[in-house]
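Chemist: Below is a structure I'd like to ask you about.
Only the coordinates and a few stated rules stand behind these numbers; no lab work does. All figures in this text were calculated on a predicted structure; none of them were measured in a lab. When we count neighbours, we look across all protein chains shown, and the Cβ atoms used for this are built from the backbone with ideal geometry, even at glycine.
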Amino acid sequence: MRTLLKRLAFLLLATIALLAPLHAATQINIDPSGNDAADCSPLTPCATLQHAADLCMDLTTCVVNVNSGSYQGATFYGINVLIVGAGSSTTSIVGTGALSTNCSAIVARKVGYLQVSGLRLSSTCPGGSDLYAQAIATISVGLDMWFDAAPIAHLYAQDGGTILTNYNYKMSGNGAYGWLVAHGDIRMFGGPAVTVTMSGGPVFSAAVFDGILGGTIKTGGVTFSGATYGIRYLLAQGSSIDTEQVTTQLPGDQQGYVTQAAYYVGSPPCIAGLAGCWSGLPAPGGIGTGGNVTVSGGDYGGKITISTGSNPGSFGYLFVLPQSRMTDCTANINLTGASWPLSNITTNTASSGGHFYNEIAWWSATPLMPWQTYVLNYACN
């Protein structure tokens with residue numbers, strides 16, 4: 001019996017040894033000086049990214065090692081594909097082809113999983129993007145990625161495609177959009193510890209974030225660093241952005257818009273003139289020296305807390321600027337049930353400098369009490 005068990009164990013190990021190479025990752029190496037007729041080994045690399053993509057089509061797991069240099073874009077199919085560049089400062093992939101062939105730097109179609117790292121991506125093709133996930137493909141953004149100028153978008157997820165980010169990356173160069181979803185999904189993970197660096201003040205002619213056809217974007221609380229120019233977001237046709245209640249505004253220097261059953265799940269309103277909010281309107285008045293105003297809650301509702309200082313006035317005001325759901329939240333400050341001692345309160349909705357806001361003003365023959373806390377409730381439709 002013991003001999004039989006030994007023989008069975010030997011046969012099992014032998015079978016595993018025979019099957020293992022079939023599931024091991026195939027290494028493909030490319031270099032600008034290589035030759036696509038070569039065997040793509042480290043010593044005799046191939047030349048083009050598209051040739052590497054073609055070889056990956058029939059493999060279970062494929063690793064493409066990209067040496068320093070510049071390459072034309074490619075379209076990948078396959079089950080598991082990893083593209084590993086030598087570093088974003090030395091390894092660039094540029095979409096230069098026609099609309100139907102390699103217009104974007106890296107395209108994934110019907111790929112179970114594709115990960116990119118150590119690359120600088122850009123496109124000069126009129127319909128091109130840097131990274132394009134399409135037709136149920138999933139792309140993961142790994143370490144040391146740089147997304148440069150592209151006519152359409154830096155990151156684009158369409159038709160069930162998904163792009164996942166979990167590491168710091170850099171974005172530069174102009175385009176129509178920074179992040180674009182059209183029946184696709186872009187998800188950012190890692191929270192404030194992950195930073196997206198907007199380098200050189202990129203300008204986005206349509207919007208920094210754009211969603212249509214039910215597309216979803218989740219920013220996961222990541223930190224955006226650097227000046228960015230353009231409309232923060234455009235959402236339509238049931239699309240959405242979820243900032244997970246993070247108070248930091250999305251990059252961009254113009255107000256975002258929501259239409260056609262789309263929605264923004266984001267941060268609470270801010271108070272004009274205070275830190276982190278627009279300074280084009282006066283800071284709160286009439287709350288006394290040393291007084292302060294804070295907001296708690298989310299974009300659907302919460303509380304505005306007024307803490308008076310010394311010598312508050314009998315007339316006061318503050319300007320509330322929603323940072324999300326911009327067109328729905330401004331006219332709906334709800335004072336019912338607020339711990340407010342004055343009956344003369346007015347609200348007025350207006351806009352200035354492209355910003356919607358709600359003005360709250362109050363007056364009375366008797367000033368507010370000093371060093372007291374008053375609460376206004378707000379609600380957004």
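Chemist: Between region 151-167 and region 196-231, how far is it from one alpha carbon centroid to the other, in angstrom?
Modeler: So the two Cα centres are separated by 12 Å.
Chemist: Sticking with this structure for a sec: Using a basic spin-label model with each label point 7 Å from the Cα along Cα→Cβ, how many nm lie between Met57 and Ser199?
Modeler: 3.5 nm
Chemist: Rounded, prolate or oblate: pick one for region 22-265, where a ≥ b ≥ c are the square roots of the eigenvalues of its C-alpha gyration tensor, a/c under 1.5 means rounded, and failing that, prolate if a/b is larger than b/c, else oblate. Present the calculation step by step, with values, prior to reporting the outcome.
Modeler: Values: a/c = 1.95, a/b = 1.77, b/c = 1.10.
Cα axes put region 22-265 in the prolate bin.
Chemist: Which order do the peptides 61-68, 308-315 take when ranked by the mean count of other beta-carbon atoms within 10 Å per residue, highest first?
Modeler: Working: 61-68: 19.9, 308-315: 16.2.
The peptides rank, most packed first, as 61-68, 308-315.
Chemist: When a footprinting reagent is the concern and you count Cβ atoms within 10 Å, what order do Thr366, Thr219 take, fewest first? Present the calculation step by step, with values, prior to reporting the outcome.
Modeler: Numbers: Thr366 8, Thr219 24.
Neighbour counts put them in this order, fewest first: Thr366, Thr219.
Chemist: Cβ neighbours within 10 Å, averaged per peptide: list 203-211, 175-183, 283-291 in order, most packed at the top. Working shown, then result.
Modeler: Numbers: 203-211: 22.9, 175-183: 25.0, 283-291: 17.6.
So the peptides 203-211, 175-183, 283-291, ranked by packing, come out 175-183, 203-211, 283-291.
Chemist: What is the calculated FRET efficiency for Thr44 to Asn166, with r their C-beta to C-beta distance and R₀ = 41 Å, to the nearest 0.05?
Modeler: Working: r = 35 Å, r/R0 = 0.84.
Once the sixth-power term is evaluated, E becomes 0.75.
Chemist: List the pair-distance distribution P(r) of region 122-244, using every Cα-Cα distance, as the percent of pairs falling in each 10 Å bin from 0 up to the bin containing the longest distance, rounded to whole percents.
Modeler: So the P(r) values, bin by bin, are 15, 50, 33, 1.
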